Amino acid sequence: MSGWEDLQKAAGPVSRETFERLQAFEQLFLKWNRSINLAAPSTLDDVWRRHILDSAQLARIAPAAKRWVDLGSGGGFPGLVLGFLLAERPGASISLVESNRKKAAFLQSVIGQFGLPARVLAKRIDDSYPLVSAPEIVTARALAALPDLLDLAAPWLTKGARALFHKGRDYRAEVEESAHRWAFDLVEHPSMTDPHGVILEITDLRPAKPQ
């Protein structure tokens, strides 16, 4: 199976041009990673599958969403990958929240080079709330445990936004721990790239009722 077919299997219909732009981004990422630690060294032998396809699968879960925000964007997963994919959705855009200045500079460089419908907020997440109004989707990958993610995203999720959070094999314990503070509706999407991973789709976030 070709890389383009893999991408379409993960993300849904994707143009050849977007596939080629993501391939160019992969090489740029590896170049920057030599001077800035953007991803775990153990994952660099398969950036396409472990990072790009893993990020792209969010687009299939929310095929019509146009207003996105990615928390703790780091090396651009999933935020930059979504930026490439959202370029095919007229009017769509994503905000990337990243407080690390070097990583924010990398994100901004990629956005500028490829003309992505994205912007970087080089701020702490709790300083970004006034700058991102009414997102439809909130994403985060390898940022924090689920209870903390829900706290961070609550200003948007309690007002109707939907969360798509990447999680690994221990996600059930995190969901259980979150229930002490929050009530929510949950859909578990098996990861297309990690046999032990899931995408947690969370809606209708509200404070848990006292026991």
Per residue accessible area in Å² of the chain, where ligands, DNA and RNA are left out and the probe is 1.4 Å: 48
Option label - volume of the Cα convex hull per residue in Å³ computed here, alternatives [x] 130; [y] 170; [z] 114: [z]
Size of electric dipole in the chain: Cβ of Lys, Arg +1 and of Asp, Glu -1, about Cα centre, debye, nearest 20: 540
Contour excess over end-to-end distance, with Cα ends at Asp46 and Asn100 and 0.36 nm allotted per residue: 17.0 nm
Cα-based shape type of segment 45-155, given that a ≥ b ≥ c are square roots of the gyration tensor eigenvalues and the cut on a/c is 1.5: rounded
Lysine pairs with alpha-carbon atoms under 25 Å apart, the chain, spacing 8 or more or separate chains: 16
Segments 125-134, 139-148, 77-86 sorted - mean Cβ within 10 Å per residue, highest first: 77-86, 139-148, 125-134
Relative contact order (%) - segment 51-95, alpha-carbon pairs under 8 angstrom, separation at least six: 47
Fraction of accessible area attributable to carbon and sulfur, the chain (%, probe 1.4 Å): 50
Ala142-Asp127 pseudo-label distance in nm [points 7 Å out on the Cα-to-Cβ vector]: 2.5
Estimated inter-spin distance, Ala183 and Gln108, nm [label 7 Å along Cα→Cβ]: 4.4
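The values are calculated or read from the model by the stated rules, or taken from the named source; none is laboratory data. From a predicted model like this one, the values you see are computed outputs, not experimental measurements. Virtual Cβ from ideal backbone geometry, glycine too; neighbours counted across all protein chains shown. Ligands, DNA and RNA are stripped out before the accessible areas are found, and what is left, the full protein with its side chains, is counted by its heavy atoms. Shrake-Rupley method; radii C 1.70, N 1.55, O 1.52, S 1.80 Å.
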